[in-house]
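**Q** Please see the structure below; I have some questions.
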Amino acid sequence: MPASRKFAGRGAPYDRRVDDAPIPRPALVIFDLDGVVYRGEEPIPGAAELVDALHAAGCTVRFATNNSMSTRQAFVARLAKQGIRSEPEEIVTSTWATIQYLGAHAPDVRRVMAVGADGMVTELRRAGYAALHVREAAPADWSGQPLAERYDAVVAGLDPSIDYRTVGVAATAIRAGARFVATNADARYVQPDGFVPGAGAIIAALETASGVEPLVIGKPQPAMFRAILESTGIAADDALVIGDNPDSDVVAARRAGIRVLLVLTGIADEIQVSSLAGERKPDWVAADPSAAAALLGLTVS
């Protein structure tokens, strides 16, 4: 049967598979958050109903976000405001994924300089790291001199309060031998009315200033999704990623060997879909969460 190329808006999925069969019911569904479940503080219509239907069908659900600014508990509270019940273990932030990576692959890292929001620092400290925010790592009159302390790693994510001084302090720590670890490298961060610079803008500044290439943990790298598979004990073939960003969600899913459904409620739009290829091409495309539910054969209220 020829591939479907239909797109008719809400409730009518655009299906890029080689046939018109619905998506096989997965054991695990991994949702991106920004652009899929909500956009800024605004819920995306149908998302809560889709999550409820998956839970009712016995699917394991995880919420995976490159956002490093908040704790997992804060995301639980935020989802509750969107009408979605969740537990902290269902939330996978890029900070959590970074902590998992460091624990498994860099057990010698203990003293950390954090370039990020307060939620990142809280999560690092809860995990047992001696974490100090970059703002507190040098005197107010710092002007390029070596730092008084050495750090095992600089962990960098999205920091809305970033300035010239903090870029310089963090770059100095990296040049002095600290590992450079980026929670994610998103170029843009979704807001209700558009986009603002993402963590990638900060990572690029630190890389330029330090001359050191970072290790990137979050999407589009597969470490976050692989950590979810390992923690749930569910195979990649039995999982599905639902995301909105071809350059992040889709590529990471491909690299982790997981099927992926792209929804057009965030980064990607109908025009962009037709040009997607290679790692950026999803298995399915749906207009919104309600269309995604239809592809999954779920009944939503």
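**Q** Answer yes or no: is there a residue in the range 262-271 that is surrounded by fewer than 23 Cβ atoms within 10 Å (Cβ to Cβ) and assigned to a helix (DSSP H, G or I).
**A** Taking every residue of the range 262-271 in turn, at least one turns out to be surrounded by fewer than 23 Cβ atoms within 10 Å (Cβ to Cβ) and assigned to a helix (DSSP H, G or I).
**Q** Now for a separate question. Going by the conditions given, is Ala48 part of a helix (DSSP H, G or I), more than 15 Å from the chain's Cα centre (by Cα) and over 24 Å from Leu264 (Cβ atoms)?
**A** Details: part of a helix (DSSP H, G or I): yes; more than 15 Å from the chain's Cα centre (by Cα): yes; over 24 Å from Leu264 (Cβ atoms): no.
So Ala48 does not fit the description; no.
**Q** Are any residues in the range 268-286 in contact (Cβ under 8 Å) with a residue 24 or more places away in the chain and either touching a strand residue (DSSP E or B) at 6+ places or on another chain (Cβ under 7 Å) or of a type outside the set (A, V, I, L, M, F, W, C) (or both), and if so, which ones?
**A** Residues of the range 268-286 that are in contact (Cβ under 8 Å) with a residue 24 or more places away in the chain, as a first pass: 268, 270, 272-273, 276, 279-286.
Across the range 268-286, the qualifying residues are Ala268, Glu270, Gln272, Val273, Glu279, Arg280, Lys281, Pro282, Asp283, Trp284, Val285, Ala286.
**Q** Inspect all residues belonging to the range 222-232 and state whether any of them is under 19 Å from Ala114 (Cβ atoms) and of a type in the set (Phe, Trp, Tyr).
**A** no
**Q** Now, a different point. Can you confirm whether the range 177-199 contains a residue that is part of a helix (DSSP H, G or I) and open to solvent by less than 50 Å² (accessible area, probe 1.4 Å)? Even if it seems obvious, please write down each step before you answer.
**A** Step one: list which residues in the range 177-199 are part of a helix (DSSP H, G or I), which gives 199.
Now narrow it down to the ones that are open to solvent by less than 50 Å² (accessible area, probe 1.4 Å): 199.
Taking every residue of the range 177-199 in turn, at least one turns out to be part of a helix (DSSP H, G or I) and open to solvent by less than 50 Å² (accessible area, probe 1.4 Å).
**Q** Cβ-Cβ below 7 Å, separation at least six or inter-chain, first residue in the range 213-224 and in a loop (DSSP other than H, G, I, E, B), second acidic (Asp, Glu) and surrounded by fewer than 24 Cβ atoms within 10 Å (Cβ to Cβ): which pairs?
**A** Listed by first residue and then by second, the contacts come to Glu213/Glu207; Pro214/Glu207; Pro220/Asp247.
**Q** Another question about this same structure. If you scan the range 35-45, which residues turn out to be open to solvent by less than 20 Å² (accessible area, probe 1.4 Å) and either more than 16 Å from Ala77 (Cα to Cα) or part of a loop (DSSP other than H, G, I, E, B) (or both)? Give the steps one after another, and end with the answer.
**A** Here is the first cut: in the range 35-45, the residues open to solvent by less than 20 Å² (accessible area, probe 1.4 Å) are 35-38, 40, 44.
Gly35, Val36, Val37, Gly40, Ile44, listed by residue number.
**Q** Hey, can you tell me all the residues within the range 164-188 that are over 21 Å from Tyr101 (Cβ atoms) and either among the hydroxyl-bearing types (Ser, Thr, Tyr) or in contact with a Lys or Arg (Cβ under 9 Å, 6 or more places away or on another chain) (or both)? First the steps, then the outcome.
**A** Our first condition is that a residue be over 21 Å from Tyr101 (Cβ atoms); within the range 164-188, this holds for 164-169, 171-172, 175-176, 187-188.
Selection gives Tyr164, Arg165, Thr166, Val169, Thr172, Ala176.
The values are calculated or read from the model by the stated rules, or taken from the named source; none is laboratory data. If you're wondering where the values come from, they're calculated on a predicted model, not measured in any experiment. Note that we place each Cβ from the backbone using ideal geometry, even for glycine, and neighbour counts take in every protein chain shown. These area figures cover heavy atoms from the full protein model, side chains too; ligands, DNA and RNA do not enter into them. Shrake-Rupley method; radii C 1.70, N 1.55, O 1.52, S 1.80 Å.
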